[in-house]
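Laboratory data are not the source of any read-out in this text; all were calculated from the coordinates shown. Remember, it's a predicted structure, so these values are computed and weren't measured experimentally. Cβ placement follows ideal geometry from the backbone for every residue including glycine, while neighbour counts extend to all protein chains displayed.
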Amino acid sequence: MSGREPDDKQRSTLLSRALRAVRAIRKVKPRALAAALGLSLRGYQNFEAGGAQLNIDHVKAFAQASDADPFGIMAAVEIGKPEFAAWVAQNKAMIAFLITLEEFVDNTGEAIVRLETTTWVSAYREMFKGLSEKALAAQARDDTWLAENAPRLGLGLGGTLPSAEDPAGDRATRDRKDGGGSGQDETDKDAGGPGERS
């Protein structure tokens, strides 16, 4: 057994999870993906199950057929976060990153060698901190808007999913907390958080 085999197995598992996450969010049928990759249905199923080594051409064909970000899929495997592939499927974040990286290389040229590793790390951390703040603020705005406007359709989305303490979503339990169930109750205001919406 070679020393690389555990890494290869882990990468195959991560790729499989990333592909399935993208396919689930993009609603593409395996048969259509198999045709796009030039594989039989069984061959595609083997690819999605991580039965082969990471094939860049297959990943690109998969991404084109599912309208996803191929570099997002590959990055997800490299960082060990398969869900990242689904998160960037719509916004094509890694495609955008590589386009702007190409612009940076064209504009800066060989002067790039003058930049220390710490300079890169500081710049990346600053960039990602800003992106994180924007993403979390946008999510908070969306959650607030839904919580405020969903009641117009007779929906209570303040705590979109039942909590661990109230797995059945027992309305009576919540009504007892706010004294009878009229108006918006406190558990609806406090329950829920990032990542709970589907």
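Quick rundown of the values:
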{"read-out": "Too-long pairs where the Cα-Cα distance tops 20 Å, listed order kept, from LYS92/LYS134; LYS27/LYS60; LYS29/LYS81", "value": "LYS29/LYS81"}
{"read-out": "Sorted by Cβ density within 10 Å, fewest first, the residues GLU48, GLU126", "value": "GLU126, GLU48"}
{"read-out": "Distance histogram in 10 Å bins (all Cα pairs of the stretch 35-89, percent per bin)", "value": "26, 56, 18"}
{"read-out": "Ranked by how many other beta carbons lie within 10 Å on average, peptides 60-66, 127-133, 94-100 from highest", "value": "60-66, 94-100, 127-133"}
{"read-out": "Within-11-Å neighbourhood charge of ILE25 [Cβ basis; K, R +1; D, E -1]", "value": "+2"}
